[in-house]
Amino acid sequence: MKLAPSILSADFAHLADDIEVVAAGGADLLHVDVMDGHFVANLTFGPGMVAAIRPVTNLPLDVHMMVSDPARWIPAFAQAGADTLLIHAEATPHLYGALQQVRAAGCRPGVVINPGTTVASIEAVLPIVDQVLVMTVNPGFGGQRFIPAMAAKVAQLAALRQQLGLSYEIEVDGGITTATAPVVLEAGADILVAGSFVYAAPDPAAQLAKLRRVAR
């Protein structure tokens with residue numbers, strides 16, 4: 001199991017410090033929520049933020065692209081230092097090609113599905129991705145409640161991975177706490193994204209340790 005704190009919930013005025021805190025606390029990845037104000041009704045980071053983060057951490061940057069026309073942004077985020085680029089299935093009619101473009105740019109390709117999107121709709125791209133991100137809340141804002149029905153998608157993806165002989169990692173994002181983490185881990189999740197659970201607490205490192213304990 002890997003932990004990916006989301007900097008969406010960090011203190012932007014002290015972002016380097018907040019990144020260091022979770023890195024020292026055992027984070028495996030750093031989740032960067034990119035929102036364009038169009039695909040989702042919020043506006044956050046661009047390639048410049050990724051480029052600013054890259055020199056201050058050795059953690060892999062897990063860049064979640066909640067943007068319309070993601071293909072046009074792939075070169076900029078790859079050049080900025082992203083390690084994984086996660087593209088929403090709902091954001092482009094050319095999903096297969098966009099994921100190929102991510103690989104060609106030197107990043108790990110990942111596909112994301114919203115709560116209303118089926119696993120069947122992305123089955124054709126599963127052989128070419130390194131990660132599948134299941135949204136367990138509606139995308140756009142942190143601090144939302146986990147949607148329990150989404151655990152079934154995680155289980156479905158885990159079964160397909162075994163059935164097809166694939167090796168993609170299953171990531172879960174939204175409402176992850178010590179109460180919900182065991183549910184998705186039992187279903188087959190490999191990576192947990194946690195934002196407000198980690199950064200809204202006085203001791204983010206202690207929160208990561210709590211998630212590790214429930215995973216065991």
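The values are calculated or read from the model by the stated rules, or taken from the named source; none is laboratory data. Here the structure is a predicted model, which means the values were calculated and not measured. All Cβ positions, glycine included, derive from the backbone under ideal geometry; neighbour counts span all protein chains shown.
Where the second residue is at pLDDT below 95 and surrounded by fewer than 24 Cβ atoms within 10 Å (Cβ to Cβ) and the first is within 14 Å of Arg213 (Cβ to Cβ) and lies in the range 182-197, which pairs have Cβ atoms under 6 Å and are six or more apart or on separate chains?
Note: pairs meeting the criteria are Pro182/Val214; Leu185/Ala215.
With the structure loaded, tell me whether Glu123 is of a type in the set (Asp, Glu), more than 20 Å from Pro5 (Cβ to Cβ), out of contact with any helix residue (DSSP H, G or I) (no Cβ under 6 Å at 6 or more places or on another chain) and touching a residue at least 12 places away in the same chain (Cβ under 8 Å) or whether it fails that test. Give the derivation first.
Working: of a type in the set (Asp, Glu): yes; more than 20 Å from Pro5 (Cβ to Cβ): yes; out of contact with any helix residue (DSSP H, G or I) (no Cβ under 6 Å at 6 or more places or on another chain): yes; touching a residue at least 12 places away in the same chain (Cβ under 8 Å): yes.
Criteria met by Glu123.
So, in the range 90-107, of the ones that are within 16 Å of the chain's Cα centre (by Cα) and assigned to a helix (DSSP H, G or I), which residue ends up surrounded by the most Cβ atoms within 10 Å (Cβ to Cβ)? Even if it seems obvious, please write down each step before you answer.
Keep residues of the range 90-107 that are within 16 Å of the chain's Cα centre (by Cα), which gives 90-91, 99, 102, 107.
Keeping just the survivors that are assigned to a helix (DSSP H, G or I) gives 90-91, 99, 102.
Values: Glu90: 16, Ala91: 22, Leu99: 26, Val102: 29.
Taking the candidates together, the pick is Val102.
Right, Gly46: among the small types (Gly, Ala, Ser), closer than 26 Å to Lys2 by Cα, modelled with pLDDT under 95 and more than 15 Å from the chain's Cα centre (by Cα) or not?
yes
Going through the range 198-216 one residue at a time, which ones are in contact (Cβ under 8 Å) with a residue 60 or more places away in the chain, assigned to a helix (DSSP H, G or I) and farther than 18 Å from Leu29 by Cβ?
Listed by number, the list holds a single entry, Ala206.
Could you tell me which numbered condition Gln131 fails, if it satisfies all but one of (1) polar (S, T, N, Q); (2) in contact with a Leu (Cβ under 8 Å, 6 or more places away or on another chain); (3) buried (at least 22 other Cβ atoms within 10 Å of the Cβ)?
With (1) polar (S, T, N, Q); (2) in contact with a Leu (Cβ under 8 Å, 6 or more places away or on another chain); (3) buried (at least 22 other Cβ atoms within 10 Å of the Cβ) applied to Gln131, the lone miss is (3).
Could you list, in sequence order, all residues of the range 169-180 that are surrounded by fewer than 24 Cβ atoms within 10 Å (Cβ to Cβ) and more than 11 Å from Pro148 (Cβ to Cβ)?
Listed by number, the residues that qualify are Glu169, Ile170, Thr177, Thr178.
Can you pull out the residues in the range 69-89 that are of a type outside the set (A, V, I, L, M, F, W, C) and buried (at least 21 other Cβ atoms within 10 Å of the Cβ)? Spell out the reasoning first.
Taking the range 69-89 and keeping what is of a type outside the set (A, V, I, L, M, F, W, C), we get 69-70, 72, 75, 79, 81, 83-84, 88.
Selection gives Pro70, Thr84, His88.
Just a yes or no: is a residue in the range 15-33 within 30 Å of Ala149 (Cα to Cα) and either surrounded by fewer than 16 Cβ atoms within 10 Å (Cβ to Cβ) or free of Cβ contacts under 8 Å to residues at least 12 places away in the same chain (or both)?
Let us first name the residues in the range 15-33 that are within 30 Å of Ala149 (Cα to Cα), namely 22, 26-33.
From what is left, the residues that are either surrounded by fewer than 16 Cβ atoms within 10 Å (Cβ to Cβ) or free of Cβ contacts under 8 Å to residues at least 12 places away in the same chain (or both) are 26.
Yes: one or more hits.
Of Gly116, Gly110, which residue is at pLDDT 95 or above and assigned to a strand (DSSP E or B)? Steps first, please.
Numbers: Gly116 fails: assigned to a strand (DSSP E or B).
Matching residue, one of Gly116, Gly110: Gly110.
Which of (1) surrounded by fewer than 18 Cβ atoms within 10 Å (Cβ to Cβ); (2) farther than 25 Å from Ala23 by Cα; (3) hydrophobic (A, V, I, L, M, F, W, C) does Val56 not meet, given it meets every other one?
Against the list (1) surrounded by fewer than 18 Cβ atoms within 10 Å (Cβ to Cβ); (2) farther than 25 Å from Ala23 by Cα; (3) hydrophobic (A, V, I, L, M, F, W, C), Val56 comes up short only on (2).
Suppose the filter is small (Gly, Ala, Ser), at pLDDT 95 or above and under 22 Å from Ala209 (Cβ atoms); does Ala23 pass it?
Working: small (Gly, Ala, Ser): yes; at pLDDT 95 or above: yes; under 22 Å from Ala209 (Cβ atoms): yes.
Yes; evaluated as a whole, the condition is true for this residue.
Pairs under 7 Å by beta carbon, first residue of a type in the set (Lys, Arg) in the range 49-72, partner assigned to a helix (DSSP H, G or I), six or more apart or different chains?
Arg54/Ala80
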